[in-house]
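The values are calculated or read from the model by the stated rules, or taken from the named source; none is laboratory data. The model shown is predicted, which means the values in this text are computed figures rather than measured ones. In this analysis, Cβ positions are derived from the backbone assuming ideal geometry, glycine residues included, and neighbour counts consider all displayed protein chains. Note: areas computed on protein heavy atoms with side chains; ligands, DNA, RNA excluded. Shrake-Rupley method; radii C 1.70, N 1.55, O 1.52, S 1.80 Å.
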Amino acid sequence: MVESVTPTQTPEQELERNFRERVGALSGIGAAEVDLDQPVRDGTRLTGRMAVAVFDAMVASRNLDLAARYLRKEGPGVYTIGSAGHESNAAIAAALRPTDPALLHYRSGGFYCARAQQVPGSTPLRDILLGLVAAADEPISGGRHKVFGNHALAVIPQTSTIASHMPRAMGVAFAMERAQRIGVTPAWPADAIVACSFGDASLNHSTALGALNAAEYTVHQGLHMPVLFGCEDNGFGISVRTPGDWVNIAWSNRPHLRYFSAEGTDIAGAYDAALAAAEYVRSSRRPAFLHLRCVRFLGHAGTDAEIGYRSRAEIGEDLERDPLVHAARLLAEARIAEPSELLSKYDAVAADVRRLADDAANQRRLSSASEVMEPIARRRPQLVAPDVSRAASPDARASAFGGRLPEEAGPLTLAESINATLTDALATRPELLVFGEDVGRKGGVYGVTRGLQRRFGITRVFDTLLDEQTILGVGLGCGVSGLLPVPEIQYLAYLHNAEDQLRGEAATLPFFSNGQYHNPMVLRIAGYGYQKGFGGHFHNDAAVAVLRDIPGLVVASPSQPDDAAAMLRTCLAAASVDGSTCVFLEPIALYHTRDLFSTGDGAWVAPYPPPSQWSACHVPIGSARVHGDGSGLTIVTFANGTYMSLRVASRLATDGIDARVVDIRWLAPLPVADILREAEAAGRVLIVDETRRSGGVSEGIVSALVDARFDGAISRVTSQDSFVPLGEAANHVLLQEAEIEAAARALVGSVDDRQRLRSV
Ligand SMILES: Cc1ncc(C[n+]2csc(CCOP(=O)(O)OP(=O)(O)O)c2C)c(N)n1
Ligand SMILES: [Mg+2]
């Protein structure tokens, strides 16, 4: 037994003292000549050699945690959440292959170190220490966050949002099979499996439940889902206890998820369970759940005084379950190493870590905004432009369109134009997948994906289960697996419950991987109002602020059919070439619109250009479209606002007011130079924004004009800061043409008055 804990010691000191004393107390067992390729004890598949490697990874991880604490105390450290108590997760890595993509819990340090052992040339100690001090040369995030990630180790970095990596993990597993089925070279070996770890409290998060449910549902459909979910159960989520046995009760008896469990105090048992689970997943291509019971040492993080919610006695009892001590005992009992050798090894690693920590502390940090932001959005328009004109062969196109080429079909509506562009893209880009709710057989609520499943098959155009988070998770997984996902969210209002997958996961991935991973995706969303009183708020939502403030996200919003086709081609090319994450926001109310000024004028339909013209009609990201060259007023608008503004402009013209209408087309990045140029042409600007007065697009446009010192008159009309009611009442809060016209006349009148006064 170990004497009681001395209160004057820090938790780190207690942990080290406990380790030394307990391992020291093993003395007398002694090493002998043993065959390291034999099992480390009867009944296990963990050999002596593997056990040594696992122990080494655990020791490395433990010393890195201690370094996080001393670096913090000494100043340069900026991150203290560690893996102490969880280190036997190294045995899980040992049971996997280094080419199995891994999405890790922030306490999977043992796993990370063990995986690094499997890839020659890895420098896990240095890498993690550089992360702890946020050094600019840290190899995964470039000093932007302390994450477990490494491209060479197939470890995809995670964010701090617990469980948010799980939909992507499920998506990567989905993509593995799908890529093979559609003949695309996958990013991972054919028999790879996905490893995804998380904590016991995180397992209750709806994101986790959604991902696990989607995995099981997919298997139930007869599809493959090779993912090993690993729950590192330390019984706590910061200070909140997970009720006893909850993980086991909730997850040991699920329909399509085989359950395995192990004790963190037994690396041989953990290895056996992990290997059995991995073999099951690898051979059956079905998911498994590995429940690893462990303890958490040193509190949740450096700032967490565990003593505030746990008794000293209970904290002391945890020391009995130190996985390092138990692993050392296993090696000693197998007569592989003397306890003193194990302690010397620990000391040698501690010394190495100390030396590397001192070195890390002196490494360069990120030094400017531009350096920090460099990976947020890769934009290479010179590479995107040629990619937009890639088209399938004439024969392939003829077959994709069933002999009726869209360029020969006469002018198309917005919906038809998007449909034709998706058809061409599916025919051109074999890696492209279209999926979402009702996009398959039904062809979308508004018919935008009609016929695509029939033409390209259910493997490339398919319905998902009803969960936007899963739709995005599949997109994220496919994106990092060599596919080009084009998911659909049925209505903008239904993005919100899943939005973190776009914001926290997709958009941050290049940032937290220093551009080593990208999230190519073109997310189509039907949105905006003016459904003629139908649908109420949730089918008329125009909450674009939630998209516009995501750094690096491209937000395209076409209003006209020809722009829709060209802009969709641009987004697909940008996703393909630059790995851009694009949102393609489609105005529902204009999907089937044909006329603009009067019935039958056909001014809102447009011919579909043949591939030979795609280059000439390319619309670069962030470029506006200007209608007319009137110098009396510049109306800046987008989506339904373009439609309404063009109608207003024609009425103004009959009264001698010459307006030009600027359709900004891109809500992010805004076409600032175009807006400014057109604003200056008239000297007065009316911004027509159908979204909201607060948090809409107009605020950004006004700011852009003010920032550029535009000194003309600026006015704006918007919808109200309201939700949208059903029926005719919707028109009380949605911006109306009459308001646009009145504002335009008022602006022109007031400026004329001012000029007249000035000249008097
Ligand atoms: C979505 C979200 N909510 C809250 C937090 C704050 N938070 C960080 S870790 C944590 C507890 C997680 O516990 P568990 O999953 O058991 O992992 P452990 O730290 O115990 O290994 C919480 C609440 C977060 N990071 N993300
Ligand atoms: Mg926990």
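Rundown of residues vs (1) surrounded by 21 or more Cβ atoms within 10 Å (Cβ to Cβ); (2) closer than 30 Å to Ala507 by Cβ; (3) free of Cβ contacts under 8 Å to residues at least 60 places away in the same chain, yes/no style:
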| residue | (1), (2), (3) |
| --- | --- |
| Leu331 | yes, no, no |
| Lys345 | no, no, no |
| Asp358 | no, no, yes |
| Leu383 | no, yes, no |
| Ser389 | no, yes, no |
When region 364-378 is checked residue by residue, the ones that are part of a loop (DSSP other than H, G, I, E, B) and open to solvent by 70 Å² or more (accessible area, probe 1.4 Å) are Arg364, Ser367, Glu374, Arg378
Select from region 457-505 the residues that are over 22 Å from Ala574 (Cβ atoms), open to solvent by 30 Å² or more (accessible area, probe 1.4 Å) and assigned to a helix (DSSP H, G or I) and list them in ascending order. Tyr494, His496, Asn497, Asp500
Within region 633-673, which residues are free of Cβ contacts under 8 Å to residues at least 60 places away in the same chain, more than 16 Å from Ser559 (Cβ to Cβ) and touching a helix residue (DSSP H, G or I) at 6+ places or on another chain (Cβ under 6 Å)? Thr634, Val672
Candidates Gln560, Gln531, filtered to the one that is open to solvent by 10 Å² or more (accessible area, probe 1.4 Å) and in contact with a strand residue (DSSP E or B) (Cβ under 8 Å, 6 or more places away or on another chain): Gln560
Name the residues in region 675-697 that are open to solvent by 10 Å² or more (accessible area, probe 1.4 Å) and either of a type in the set (S, T, N, Q) or within 31 Å of the chain's Cα centre (by Cα) (or both), would you? Arg692, Arg693, Ser694, Gly695
Tell me whether region 70-82 contains one or more residues that are of a type outside the set (Asp, Glu), more than 14 Å from Lys146 (Cα to Cα), buried (at least 20 other Cβ atoms within 10 Å of the Cβ) and touching a residue at least 60 places away in the same chain (Cβ under 8 Å). no
Test: Ser417 is within 33 Å of the chain's Cα centre (by Cα) and among the polar types (S, T, N, Q): yes
Gly244 versus (1) more than 11 Å from ligand 2 (Cβ to nearest atom); (2) at pLDDT 95 or above; (3) within 20 Å of Phe260 (Cα to Cα): which is the lone unmet condition? (2)
Candidates Pro98, Pro157 - the one that is out of contact with any strand residue (DSSP E or B) (no Cβ under 9 Å at 6 or more places or on another chain), more than 16 Å from ligand 2 (Cβ to nearest atom) and not in a helix (DSSP H, G or I): Pro98
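Conditions (1) in a loop (DSSP other than H, G, I, E, B); (2) under 29 Å from the mean Cα position of the chain (by Cα); (3) modelled with pLDDT of 95 or more, marked per residue:
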{"site": "Cys571", "(1), (2), (3)": "no, yes, yes"}
{"site": "Ala575", "(1), (2), (3)": "no, yes, yes"}
{"site": "Val583", "(1), (2), (3)": "no, yes, yes"}
{"site": "Leu596", "(1), (2), (3)": "yes, no, yes"}
{"site": "Ala603", "(1), (2), (3)": "yes, no, yes"}
{"site": "Pro609", "(1), (2), (3)": "yes, no, yes"}
{"site": "Ser615", "(1), (2), (3)": "yes, no, yes"}
{"site": "Gly622", "(1), (2), (3)": "yes, yes, yes"}
Counting just the residues of region 506-517 that are open to solvent by 10 Å² or more (accessible area, probe 1.4 Å) and in contact with a helix residue (DSSP H, G or I) (Cβ under 9 Å, 6 or more places away or on another chain), which one comes out nearest to Glu371 (Cα to Cα)? Phe511
Count of region 101-136 residues which are among the basic types (Lys, Arg) and away from ligand 2 (no atom under 16 Å from the Cβ): 2
From the list His256, His300, pick out the single residue that is open to solvent by less than 60 Å² (accessible area, probe 1.4 Å), more than 30 Å from Asp191 (Cα to Cα) and in contact (Cβ under 8 Å) with a residue 40 or more places away in the chain. His300
Filter region 206-241 down to the residues that are within 16 Å of ligand 2 (Cβ to nearest atom), part of a loop (DSSP other than H, G, I, E, B) and within 26 Å of the chain's Cα centre (by Cα) and list them by number. Ile238
